[in-house]
1. In region 339-351, is there at least one residue being at pLDDT 90 or above, assigned to a helix (DSSP H, G or I) and open to solvent by 60 Å² or more (accessible area, probe 1.4 Å)?
2. What are the residues in region 58-87 that are exposed (fewer than 11 other Cβ atoms within 10 Å of the Cβ) and not acidic (Asp, Glu), if any?
3. Pull up region 36-70, narrow it to residues that are touching a strand residue (DSSP E or B) at 6+ places or on another chain (Cβ under 7 Å) and aliphatic (A, V, I, L, M), then point me to the one that is farthest from LYS136 (Cα to Cα).
4. Are there helices (runs of 4 or more DSSP H) fully within region 1-113 with at least 3 residues that are closer than 18 Å to ARG125 by Cβ, among the hydrophobic types (A, V, I, L, M, F, W, C) and at pLDDT 90 or above? List them.
5. Which of the numbered conditions does THR104 fail, given that it passes all the others? Conditions: (1) of a type outside the set (Gly, Ala, Ser); (2) without any contact (Cβ under 8 Å) to a residue 60 or more places away in the chain; (3) open to solvent by less than 70 Å² (accessible area, probe 1.4 Å).
6. Restricting attention to region 107-143, and to residues there that are among the hydroxyl-bearing types (Ser, Thr, Tyr) and in contact with a helix residue (DSSP H, G or I) (Cβ under 8 Å, 6 or more places away or on another chain), which single residue is surrounded by the fewest Cβ atoms within 10 Å (Cβ to Cβ)?
7. hydroxyl-bearing (Ser, Thr, Tyr) and over 20 Å from LYS80 (Cβ atoms): does that describe SER28?
8. Do any helices (runs of 4 or more DSSP H) entirely within region 219-309 hold 2 or more residues that are surrounded by 12 or more Cβ atoms within 10 Å (Cβ to Cβ) and modelled with pLDDT under 90, and if so, which?
Amino acid sequence: MPPRPRWWHQLQSSKHEALLAIDLYNRSGESRQLEAFIVHMSMAWLRLLQAHVAKDGGDVFVRDRRGHRIRHQDGDWKMKPLSELVESEFDLNDPMRANLEFFTKLRNIIEHRYERDTANLVAGRTQAYVLNYERKLVDWFGTEEGMANQLRFPMFVSSITDDAVAALKEVRKRVPSRVLEWLEDYDATLDAAVTSDQTFNFQVYLVPDKGPKTQADAAMTFVKMDELTDEQRKVMDQAMTIIREKKVPVVNLENLRPKDVVGKVSDGLGKPFSINDHTNAWKHYKVRPATRSSKPEDTKQDFCLYDRTWQAYVYTTAWVEYLIRKLSDEREYEAVCGRKSPHSSHAQQEDEAADEASSTAA
């Protein structure tokens, strides 16, 4: 048997890193799980991309102007970083790329004391991070290299029991404001189609299977909505409506109409903020689709939700806080509202008067 190519060994190393990352993340009660997971999954993605590029005859090395490979101080050849490989292999607006870049940046701002709360806050993106890896692993190297037979659905209670749901609602309050602000700013740079995509943030409805069982049944079966017939999709929509109906009265009590947002933002800023300004704001930050969109539910759910019953949008307190924080900056206020803040001209006059006074004193 001929020796395996170098990229194959890189691929096996990638899979070992991914399995280690998932194992560390799923260990109950461990500290710094999220950071360890991100570190090892980043290595898994890096080596997966290197193996893919090398298999296709591409170049994974950093080279000088003459095309020669460059060595590290320790003597090894420098190889292209993860960020560069991601840019070359994924389109700019690919939700999978957004998910990859999210975790690369999140690692740098994690505060260890609040790491577990942060992990709960980004759980859907964490799941997508792994699913995306498996999808690309199979797409690029075939099903025989997949890891599905080595992974199991973990035992958990999060988001299933009523107590767990109540506990998760408190998580956002405990996460440091610096991390929350970064999450909000990152999501605000993305299109609604990206943030609502399952490859960016994986979310599911769990419906217990009450039918007859066989020994060959899996404990969990993933149903792809785009592969269902119209009749099957209607049944799923009814099931999800039943689930949502239990939550809607609670959720909408905590959410706001546009005029409520306007009043709170205006009070928080201490300067005018109108309904028209609010329209400019949701367009500027792309928190919801345009009016009469064919997909009105494609919103940034941290900020805005679509109420299908009333065919209207409601907004969260996080959206109010985000606007107050962003529009406190005079240049941002002008960019969003299309006019200068009434306080900016007064402040400018005060600055000019102070400069003139200092010049006279000199």
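1. Kept after step one, since they are at pLDDT 90 or above, are these residues of region 339-351: none.
Checked region 339-351: no residue is at pLDDT 90 or above, assigned to a helix (DSSP H, G or I) and open to solvent by 60 Å² or more (accessible area, probe 1.4 Å).
2. ARG65, ARG66, GLY67, HIS68, HIS72, GLN73, GLY75
3. Residues of region 36-70 touching a strand residue (DSSP E or B) at 6+ places or on another chain (Cβ under 7 Å): 50, 60-63, 69-70.
Then drop every residue that is not aliphatic (A, V, I, L, M), which leaves 60, 62, 70.
Working: VAL60: 18, VAL62: 24, ILE70: 29 Å.
In this case the residue turns out to be ILE70.
4. On the way: elements: 6-26, 33-55, 82-89, 95-106.
Ranges flagged: 6-26, 33-55, 95-106.
5. (2) is the only condition that THR104 fails.
6. Taking region 107-143 and keeping what is among the hydroxyl-bearing types (Ser, Thr, Tyr), we get 114, 118, 126, 129, 133, 143.
Cutting the leftovers down to in contact with a helix residue (DSSP H, G or I) (Cβ under 8 Å, 6 or more places away or on another chain) gives us 114, 118, 126, 129, 133.
On the way: TYR114: 16, THR118: 23, THR126: 25, TYR129: 27, TYR133: 23.
So, considering only residues that are among the hydroxyl-bearing types (Ser, Thr, Tyr) and in contact with a helix residue (DSSP H, G or I) (Cβ under 8 Å, 6 or more places away or on another chain), the one surrounded by the fewest Cβ atoms within 10 Å (Cβ to Cβ) is TYR114.
7. Details: hydroxyl-bearing (Ser, Thr, Tyr): yes; over 20 Å from LYS80 (Cβ atoms): yes.
So SER28 fits the description; yes.
8. Numbers: elements: 230-254, 258-269, 275-284.
In region 219-309, 230-254 are the helices (runs of 4 or more DSSP H) which contain 2 or more residues that are surrounded by 12 or more Cβ atoms within 10 Å (Cβ to Cβ) and modelled with pLDDT under 90.
The values are calculated or read from the model by the stated rules, or taken from the named source; none is laboratory data. Only a predicted model underlies this, so the values are computations on that prediction, with no experimental measurement involved. Cβ sites come from the backbone with ideal geometry, for glycine too, and all protein chains shown count toward neighbours. Surface accessibility is based on the protein's heavy atoms, side chains included, excluding ligands, DNA and RNA. Shrake-Rupley method; radii C 1.70, N 1.55, O 1.52, S 1.80 Å.
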